[in-house]
1. How much net charge surrounds B:Q554 when only the other residues with a Cβ under 11 Å from the Cβ of B:Q554 are counted, with Lys and Arg +1 and Asp and Glu -1?
2. Per residue of B:260-267, how many C-beta atoms from partner chains lie within 10 Å of its own C-beta, taken as a mean?
3. Is chain A best put as rounded, prolate or oblate by its Cα gyration tensor, with a ≥ b ≥ c the root eigenvalues, rounded for a/c under 1.5, and otherwise prolate when a/b is larger than b/c, oblate when not?
4. May I ask you to list the chymotrypsin sites (Phe, Trp or Tyr not before Pro) in the range B:1-104 that are in a DSSP loop and have at most 16 other Cβ atoms within 10 Å of their Cβ?
5. Run through the DSSP bridge list for chain A and note the antiparallel percent, rounded to the nearest 5.
6. When Cβ neighbours within 10 Å are restricted to other protein chains, what is their mean count per residue of peptide A:148-154?
7. Rounding to the nearest 10 and keeping the result within 0 to 90°, find how far the Cα-based axis of helix B:281-296 lies from the longest principal axis of chain B.
8. Kirkwood Rh over alpha-carbon pairs of the protein assembly as shown, then Stokes-Einstein at 25 °C and 0.890 mPa s: what D in µm² s⁻¹, rounded to an integer?
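Bear in mind these aren't lab numbers, they're just calculated from the coordinates by the rules spelled out. Just so it is clear, the structure is predicted and the values come from calculations on it, not from any experiment. Cβ sites come from the backbone with ideal geometry, for glycine too, and all protein chains shown count toward neighbours.
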Amino acid sequence: MNTAENTSEALLSLKNISLSFGGVKALTDISFDIKKGEIRAIIGPNGAGKSSMLNVINGFYHPQEGEVWFNGNLRGSLKPHEIARQGIARTFQNIALFKGMSTLDNLMTGRITKMHANIFWQAIWKGKAEREELEHREKVEHIIDFLEIQAIRKTPVGRLPYGLQKRVELGRALAAESKLLLLDEPMAGMNVEEKEDMCRFVLDVHEEFGTTIALIEHDMGVVMDIADRVVVLDYGRKIGDGFPDEIRADQNVIDAYLGVSHD
Amino acid sequence: MNNSAHNVLDTFPKLLIDNALRIGNKPAVREKEYGIWQSWSWSEVKINIFEFAAGLHTLGFSPGDKIAIVGRNRPRLYWTITAAQCLGGIPVPVYADSVAEEMEYVLDHAEVRFVLAEDQEQVDKVLEVADRLPKLDQIIYDDVRGVRDYDRTKLHDFTDVQKLGRDALAQNPTMLDAQIAAGKGSDVGIFLYTSGTTGKPKGVVLSNDNIIVTSRNSVKIDQLTADEEVLSYLPLAWVGDHIFSHGQAYVAGFCINCPESEETVSTDLREIGPTYYFAPPRVFEGILTHVMIRMEDASKSKQKIFNYFMKVARKVGVDILDGKSVSAGDRLKYWLGNLLIYAPLKNTMGFSRIKLAYTAGEAIGPEIFDFFRSLGINIKQLYGQTEASVFITMQPNGQVYADTVGVPAPDVEINITDEGEVIYRSPGVFLSYYKNEEATRETKNAEGWVMTGDAGYFDENGHLKIIDRAKDVGRLNDGSMFAPKYLENKLKFFSQIKEVVTFGDQREFVTAFINIDLDAVGNWAERNNIAYASYLELAGHPEVYKMMAENIEQTNADLATDSKMSGSQIHRFLILHKELDPDDGEMTRTRKVRRSVIFDRYDVLINALYDGSESAHIKTEVTFEDGRTGTIEADVSIMEAKTFSAVSKSA
């Protein structure tokens, strides 16, 4: 928390974003920012536009209107490889790991954007390619240690229980050593114990690596406990933005969650 | 012991200096970190320990101070034990899984001034109770993760303390020498708290001599060398780990290996391939079950080869291990089996290099015991206690039996009291229970004899047989001994039987309640086309009764050969209509039967067992998992079991 206060510099700012698919307006005139070193939560009921928002943040969707400023630069439309290299890593709502590959290999794929040796040297695994891989492996081993997944290092990810797969996915996102980490419902479908573990990891990541985190989450309890600031979406619009305590007391937010009818 | 000599190695710091001199380049500790085994040689360990000790000194740790050590098996936690002893202090290892209140009791009772906590979890627990611990002064942690933002006034990183020590040692390189030289074998070396299954934990005070002499004796008798490899995975606060991973390691100079995490122990075991290994019976049981389940998934031809050679191993494996004479043909078959089955199997289990394995703590099933021994793994039993610095009896090579725990360990005297309780006297006998003179007096008499609380006797080979807790042992009306747990354990070795309660104290004969194992019996029923809808129905099935009668008959035949136990054959039994359940208070949470509750709840059935009736009607209240209660009613039938007249053992 003190990190958020120390640096009020925004890592990412969204200005008047609107996004539509054909006639469907997914996001309407949304503005907020994410400061360096904070945990920023994006919440809202089903279909509020949270995942669309995340896709705008990481550059996968290009909004029809509005500006995205990331790391001091105005962002244009990006190609997929540019998206990957800009320094934003994410996890997915419905887990997108390589199921046949081991935990270790999955984490190594998180490092791919940082590997520079060409395919020839990679193939014969000599010189730079070898040095590089060893460095990356060391980084990945630190993450394995950090997330306490040593026991499943060599296990194919498809054989792991859901909660652990989620953890591996977090690991892969961490391996990319990004400036901004996007977590799309990291606790969805978990039992209480798994949720507690995951909260602990998110907080530890934040504290240990100083990573800025944007978090989409359904579970209000979790959000209020770990987020520094919260933005609330409903029907593609921003209906609240502030510290957890403010959000908790906000009548608009309460209405949206309790399902007061929209006239 | 010649205490006048200056270079007597009677404390751990002295042993450390000696090892660093003699075998300084040999690995002393390994730990798997970041996927790679990192190792520290004896001389590196010495530097690490001295630096940490000097750092502790700078923080104000003085002779007689206690430092609690909380966490799993990690090099720095082991080093702290010796570091505290370098300063004339007393290490107090605490079980890592104890909750804050349990920890509070130990930290308070031991009056610790310092705590070494492994990680955030442990630091949090200590901080939670810190304001109720007036003596507590400084906390040091090993793993910084998660505690970066904590208040630092009384919290230190291990490496920072080492750095303090390094600076202090640079100023005054001999600052630790005087205190180390002043250390004596008779000094208090360590407090080990008993796990406290009965009441509050007691702090067992052990001297340096207790640990070192016992370690020396056992190292000598089992011919352990500086080349052994052990896996240190059992709780640091348990006396067994203190002897196997600390005492014997320092005395023999061998290397201890700390696993990467609790979940990776079996992988780490395979990678290290220890030569010397200790595990409680349930670990060996788990390994065997695992092997058997995996074999059932193997192809038919593989199963055939496996079964054939396992039969060979069962027939001659144990004899070959014990060095008895075996025919050349069988030896050839065993050699071939080793090539095809035993060696690869041992490799998967991590037992390729094993010279010696010990098990203790509970009775081990003969099949499990023989399975490992027939593969050529020299697994032996020992009998010990915290109060004895572990060793009371050990099994000598070539004289290993599943149902006895061996002969007295070197320098140990054993006696059996008139009540049948085992008592002993040895160099390992503890000094006292910390701040509990009454308990000390109850346990240890003026001549140094210690009551074990266990009932037992020596069999005709001179091996000690432990049968039960002394307070549970009763007498049948004809005066012969009745040891319920002994009988129950014997029956529980059958996979179809999950739980047994036997009765016989002040009765004419012995009877039993049986709980079938629903998995094993259910599986059997499926294969034999026996349909059942519930536990109750399966438990009452005549075929199941027949099967249980056969198991009991086999047990009775076995008991008949034991002169002390032949009177304890089971005459009548019944299969309970419900499983004994901790939710109903019939068992403890650790699944130990509460006899008094059983006597109360089921007195109708117990009476029926003795009045000759063929069945009894019972109505019991049960508690479901969600806390609701209901009743179960059933007619439970009672069956007679075949008994045998006592025969003398033809061994």
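1. In short, -1.
2. 4
3. Details: a/c = 1.91, a/b = 1.52, b/c = 1.25.
Prolate is the answer for chain A, as a/c is 1.5 or above and a/b outweighs b/c.
4. Passing both the DSSP loop test and the Cβ count: B:Y34.
5. Antiparallel: roughly 55 percent of the beta bridges in chain A.
6. Values: counts 4, 2, 12, 10, 2, 4, 2.
Taking all residues of A:148-154 together, the mean is 5.
7. Computed tilt is about 60 degrees.
8. Working: Rh = 32.1 Å.
Here the translational diffusion coefficient equals 76 µm²/s.
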